Structure formats: structure tokens, C-alpha cells
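K.L.:
Below is the structure I would like to discuss, written out as C-alpha cells.
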Amino acid sequence: MSNKVIIKNKIKGFSKKINVSGDKSLSIRWVLFSALANGKSKAKNLLMSEDVLSAINAIKILGIKVVIKKNECEIFGKGINGFKYKKNLKINAENSGTLGRLILGLLVNSPFTIKLIGDKSLSKRDFKRVSDPLSKFGAKFILKNNKNLPLEICGNKNLKPIYYKEKNGSAQCKSAVILAGMRTEGITTIKAKKSRNHTELLSKYLKLPIKIKIKKNYDLIKVKKVNKIKKINYKIPSDISSSAFFMVLTALTKDAKLTIKNVNINSSRTGIITILKKMGVQIKYQNKKIYKGEKIADIIIKNPKFIKPIKCPTKYNSFAIDEFLIIFLVAAKAKGVSTFKDIGELNQKESPRLKWGNKILNSIGIKTILTKNSIKIFGNPNIKVKKKIIIKNFLKDHRVFMTSVIAGLTFGGDWEIHDKNSIKTSFPNFLKIINQLKK
């Protein structure tokens with residue numbers, strides 16, 4: 001079976017309702033917290049992607065029983081200290097930065113050395129940014145090139161609480177420190193640049209000893225040792241990052257309207273919606289509710305008559321970091337110049353995404369000015385692509401693949417997009433839903 005997608009025709013207008021797969025961030029966190037809980041936790045709509053399956057395999061290696069049924073996953077937690085640490089354990093995080101970084105926060109008390117490995121892409125990412133704070137607790141690390149995977153971690157039974165200043169807006173680093181703080185006597189304090197807060201919300205819902213003060217430019221988080229976590233039965237809401245591709249597909253398709261059901265609209269994730277609204281895309285919420293600490297709603301999107309350019313405020317960056325690739329496509333069709341600054345963090349993802357976003361725009365004939373940390377996009381509302389475009393060698397980055405598919409369906413041209421299997425890491429049903437909208 002071919003591992004590439006061919007697109008020769010633009011998508012036509014549609015009016016549909018869809019369900020998108022479960023939220024990846026919540027799915028991985030549910031797996032890790034359920035492994036530490038007392039008793040059997042159940043999840044429905046768990047994202048069955050490679051990243052989440054890697055998390056399940058990791059807790060199995062640590063002695064936790066998992067049963068996957070047709071529509072449900074069961075995890076038999078053994079309590080906060082229930083992991084079985086053995087000599088020569090090896091955990092493979094595959095492509096998942098979330099798993100790779102968060103699980104280190106749970107391994108800080110391991111009496112034996114544990115090796116953490118990942119795929120080629122993950123092995124190029126910076127793990128020093130998480131090993132540095134975790135080593136202050138008392139854990140010891142050996143990293144390849146003092147920065148990368150594979151790494152070895154050996155924990156410490158006498159962990160010391162720390163003060164940690166998180167400067168990058170990385171929810172993964174912040175969450176790793178929170179999880180390590182839950183294993184530590186005393187109070188661990190984190191001053192964190194604004195980022196996703198799923199770990200904090202789930203901790204508060206579970207009534208764990210965590211206190212959060214929300215300031216204008218940062219969050220102040222204090223964590224104490226956790227003695228017990230109650231079992232967690234969870235129907236995972238739909239992923240807003242996955243939904244973003246269909247929001248943009250709708251925004252760029254004439255006579256299109258779409259309803260995406262039961263989406264997690266956590267305010268630390270809705271930068272995509274704020275930015276698209278500022279660019280003139282019609283978006284509204286229906287059926288809003290709070291579910292286990294998270295805000296959930298149906299999202300309704302309509303294709304606008306014209307798209308406005310944006311000078312994107314940097315305060316939105318951490319709330320839209322995974323969606324900028326797809327937002328760039330909207331800027332490509334705006335009437336005017338859009339600018340995005342201080343987004344160098346994009347190049348710390350599965351691939352150098354800022355460079356890839358620029359490459360895709362240039363391939364469809366959009367002029368850009370690129371720096372290490374910014375991009376200026378000269379939009380063209382009348383852009384029509386008629387040439388052949390080949391997208392490949394992007395380190396199997398699922399978001400580069402999906403962004404390219406949306407570009408092919410909305411700008412025209414003859415597209416050949418390689419590494420179709422990359423979507424298995426985060427969104428295996430992506431092409432299935434695309435086909436629903438094409439009918």
C-alpha cells in the first residue's frame with residue numbers, strides 16, 4: 001500500500017457535522033495518572049494513536065495492567081508508589097515529546113537506572129530542558145551529547161523540593177516538574193510562562209495538593225507530596241489541535257460550514273480560534289459545559305467572504321504553538337501582510353516547523369520573509385496553484401503532512417504528499433474524516 005497521498009482537485013463546499021478523535025494531551029495524561037491511581041480507571045474515546053499506545057506500553061513496562069476493549073481502555077492502577085522498578089528497564093517514547101518528558105517526572109524515585117529512547121525525530125529534541133530541573137530534585141541523568149535521547153535516569157529516594165522558573169512556555173517541562181513534585185516531601189514551587197494547563201486542571205479535579213495563582217504573565221504553582229489518587233473514569237473530549245485542520249479547511253473553502261462536536265476548548269489551547277476570528281473567520285460555540293475541570297463545546301465554523309491579515313500578538317503564541325503551521329495557510333489567502341514573531345519554539349518540535357511552514361508557502365507561490373524566530377507572509381486572496389508540488393523528507397512530522405493535505409485541497413495544484421503513516425502518531429482518522437467531507 002502506498003505511503004503517499006495524491007491530490008489533484010480542490011474540495012467543494014460542504015455543510016456537515018463531524019466528531020474528531022480524543023484529545024492527545026488529555027489521553028496521555030489520563031494514562032499516566034491512572035497508572036498511579038488506586039483501582040481500575042476507564043476511558044472512552046481515548047485517542048488510539050501511536051503516541052498514546054507508547055504511553056500505555058511505558059506503564060506496562062512499569063508493571064501496570066492495561067486492558068483495551070473496542071470502545072474503552074481500562075488501567076489497573078497500583079497507587080502512587082505502585083510502579084515495579086527493575087534493573088535494565090528500557091522505555092521507548094517513540095515520537096511523543098509529551099510522554100518522553102512527563103514520564104521522567106514520574107521516574108525521579110526509581111532505585112535503578114532506566115533508559116529512555118525515542119525515534120529519530122524525538123532523539124533530536126532537547127531533553128536537557130527537562131533533565132536540568134529534575135536533577136535538582138536529586139535524580140541523576142546521562143544524556144547523549146548532554147542534550148538528547150537516548151538518556152539514562154537514576155532516581156533518588158530522598159527527593160528535595162525545588163524552585164523552578166519555566167521560561168519557554170513548555171507545558172511538557174512544567175508538567176514533568178509538577179509530577180516530580182508529587183513524589184517529593186515539602187513544597188515544590190514553579191513560576192511558569194503561560195502554557196497548556198491540562199496537568200493542573202486534572203490535578204485540581206482529582207483534589208491533589210496543588211495550588212495555582214494565575215498572574216498576568218505567568219502562573220505560580222505550588223505542589224506537595226501526593227499520597228493517593230482516586231480512579232479516573234473519563235470520556236476524552238475531542239482534540240482542538242486535530243480540529244484545527246478542519247477549521248482551516250472550512251475557512252478556505254467556498255460555501256463551507258462545519259460543526260465539530262464535543263471539543264476541548266481549554267483557554268490555554270484556543271489561540272487558534274482567537275487568531276482565526278481576528279482574521280475574519282466566523283466561529284462560535286454551542287452546548288458549552290465544564291467536564292472534569294475542562295471546558296467543552298461544539299464548534300461551528302463558516303467560510304468568510306474575505307480574510308484579514310494579522311499582526312499576531314506574541315501573547316497568543318503559547319496558546320497556538322501547535323497550530324501555527326495551519327494558521328499560515330489562512331494568512332496566505334489574506335488581503336495584506338501577516339506577521340508572526342517570537343515563534344522559534346516551532347523549530348523545537350517534531351521537525352523544524354517554522355522552516356517547513358515557509359517551504360509550503362513558497363511552494364504555492366506565496367512570498368515570505370523568514371528569520372530564526374519570525375515569519376512575514378504576503379497574502380494573496382486570488383492565489384491559484386497549477387503546478388506539481390512534492391512534499392517529503394519532513395522527519396515524518398504529522399502536522400507537516402496534514403497541513404500539506406489542507407493546502408492541496410484548498411489552493412489547487414497537483415500534490416504528492418509522502419509519509420501518510422505519520423498521522424498514526426497523533427490522528428489516525430484524519431484522512432477518513434477528509435473523505436467524509438469530500439462526499
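Computed from the coordinates by the stated procedures, all read-outs in this text should not be read as laboratory data. The model shown is predicted, which means the values in this text are computed figures rather than measured ones. FYI the Cβ positions are ideal-geometry reconstructions off the backbone, even for glycines, and counts take in every protein chain you see.
K.L.:
Full extension from Lys372 to Glu185: what is 0.36 nm times the residue separation minus their Cα-Cα distance, to one decimal in nm?
P.N.:
My answer for the length gained is 63.2 nm.
K.L.:
Any chance you could run the full-extension gain for Lys207 through Asn362? It's 0.36 nm times the residue separation minus the Cα-Cα distance, nm to one decimal.
P.N.:
So the extension gain works out to 50.8 nm.
K.L.:
Taking the chain as the reference, fit the longest principal axis to its C-alpha atoms, fit the long axis of helix 353-363 to the helix C-alpha atoms, and give the angle between the two in degrees, 0 to 90, nearest 10.
P.N.:
10
K.L.:
To continue, here is another question. Give me the distance in nm between label points sitting 7 Å out from Cα along the Cα-to-Cβ direction at Tyr285 and Phe76, one decimal.
P.N.:
With each label placed 7 Å out from Cα toward Cβ, I get 4.0 nm.
K.L.:
Non-local amide H neighbours of Lys65 (under 5 Å, H modeled in plane, Pro and chain starts lacking H): which ones?
P.N.:
Here the answer is Phe76, since their amide H atoms fall under 5 Å of that of Lys65.
K.L.:
Same structure again: If I take R0 = 51 Å and measure r between the Cβ atoms of Cys154 and Ile390 in this structure, what FRET efficiency does the formula 1/(1 + (r/R0)^6) give, to the nearest 0.05?
P.N.:
Efficiency, from the Cβ-Cβ distance: 0.65.
K.L.:
What residues have an amide H closer than 5 Å to that of Arg125, excluding those fewer than 5 places away on the same chain, when H is modeled at 1.01 Å from N in the peptide plane?
P.N.:
Long-range HN contacts for Arg125: Leu149.
K.L.:
Here's a follow-up. So what are the ³J(HN,Hα) numbers for segment 217-229, from phi and the Karplus equation (6.51, -1.76, 1.60; θ = phi - 60°), rounded to whole Hz, Gly and Pro as x?
P.N.:
My calculation for segment 217-229 gives 10, 7, 10, 9, 10, 10, 10, 10, 5, 9, 9, 8, 10 Hz in order.
K.L.:
Rounded to whole Hz and in sequence order, give me ³J(HN,Hα) for segment 238-247 from the Karplus expression 6.51 cos²θ - 1.76 cosθ + 1.60, θ = phi - 60°, writing x for Gly and Pro.
P.N.:
Calculated HN-Hα couplings, in order: 5, 7, 5, 5, 5, 4, 4, 5, 7, 4 Hz.
K.L.:
Does anyone have the angle between helix 171-181 and the longest principal axis of the chain? Alpha-carbon axes, 0 to 90°, nearest 10?
P.N.:
With both axes taken from Cα atoms, the answer is about 10 degrees.
K.L.:
When ranked by the protection proxy of mean other Cβ atoms within 10 Å per residue, highest first, what sequence do the peptides 364-372, 416-424 form?
P.N.:
Output ranking for 364-372, 416-424: 416-424, 364-372.
K.L.:
Next up: Please compute the contact order of segment 265-413 in relative form: average sequence separation of alpha-carbon pairs under 8 Å and at least six residues apart, divided by the residue count, as a percent.
P.N.:
Once divided by the residue count of segment 265-413, the mean separation gives 20 percent.
K.L.:
For Lys376, what is the net charge nearby, where nearby means another residue's Cβ is under 11 Å from its Cβ and Lys, Arg count +1, Asp, Glu -1?
P.N.:
Here the count lands on +3.
K.L.:
Around Leu62, under 10 Å between beta carbons, what's the net of Lys plus Arg minus Asp minus Glu among the other residues?
P.N.:
Overall, the nearby charge balance is +4.
K.L.:
Please work out the C-alpha center-to-center distance from segment 86-114 to segment 174-204 and express it in whole Å.
P.N.:
18
K.L.:
Hey, got the dipole for the chain? About the Cα centre, +1 on K and R Cβ, -1 on D and E Cβ, debye to the nearest 20?
P.N.:
700
K.L.:
Please name which of Phe83, Gly39, Ile214 has its Cα lying farthest along the dipole of segment 24-232 towards the positive end, using unit charges on Cβ (Lys, Arg +1; Asp, Glu -1) and the Cα centre as origin.
P.N.:
Result: Ile214, furthest along the dipole toward the positive end.
K.L.:
Could you list which residues have their amide H under 5 Å from that of Asn109, counting only those 5 or more apart in sequence or on another chain, with H placed in the peptide plane?
P.N.:
HN-HN under 5 Å from Asn109: Asn156.
K.L.:
Additional query: Have a look at Gly105, Gly280, Gly97 and tell me which one the Gaussian network model of the chain (Cα, springs below 10 Å) gives the largest fluctuation.
P.N.:
With Cα springs under 10 Å in the chain, the top fluctuation among Gly105, Gly280, Gly97 is at Gly280.
K.L.:
Using a basic spin-label model with each label point 7 Å from the Cα along Cα→Cβ, how many nm lie between Val337 and Lys420?
P.N.:
4.1
K.L.:
Quote to one decimal, in nm, the extra length available between Phe112 and Asn217 on full extension: 0.36 nm per residue of separation minus the C-alpha distance between them.
P.N.:
33.9 nm
K.L.:
What number, rounded to the nearest 500 deg cm²/dmol, is the helix-based mean residue ellipticity at 222 nm of the chain, given -39500 (n - 2.57) per DSSP H run of at least four residues and division by all its residues?
P.N.:
One gets -8500 deg cm²/dmol as the mean residue ellipticity at 222 nm.
K.L.:
Quick one: Glu50, Glu345, Glu185, Glu72, fewest Cβ neighbours within 10 Å first, how do they rank?
P.N.:
Glu185, Glu72, Glu345, Glu50
K.L.:
Let me ask another. What FRET efficiency would be calculated for the residue pair Lys140, Lys65, taking the C-beta separation as r and a Förster radius of 30 Å, to the nearest 0.05?
P.N.:
E between Lys140 and Lys65, to the nearest 0.05, is 0.50.
K.L.:
Continuing with the same structure: Report the net charge of residues surrounding Lys10, where surrounding means a beta-carbon distance below 10 angstrom and charges are Lys +1, Arg +1, Asp -1, Glu -1.
P.N.:
For residues surrounding Lys10, the net value is +4.
K.L.:
On to the next question. If I histogram all Cα-Cα distances within segment 24-232 using bins 5 Å wide from 0, what percent of pairs lands in each bin?
P.N.:
1, 8, 17, 21, 22, 17, 10, 3, 0, 0
K.L.:
Then there's this: Sort Val281, Val385 so that the residue with the fewest other Cβ atoms within 10 Å of its own Cβ comes first and the one with the most comes last.
P.N.:
Starting with the residue having the fewest Cβ neighbours, the order is Val385, Val281.
K.L.:
If you take the square roots of the eigenvalues of the alpha-carbon gyration tensor of segment 343-411 and sort them as a ≥ b ≥ c, do you get rounded (a/c under 1.5), prolate (a/b over b/c) or oblate?
P.N.:
Here segment 343-411 falls in the oblate category.
K.L.:
Next question, about the same structure. If contacts are Cα pairs under 8 angstrom and at least 6 residues apart, what is the relative contact order of the chain in percent?
P.N.:
Relative contact order for the chain comes out at 18 percent.
K.L.:
Follow-up question, since we're still on this one. For the peptides 284-291, 85-92, what is the packing order when you average, over each peptide's residues, the other Cβ atoms within 10 Å and list the highest mean first?
P.N.:
85-92, 284-291
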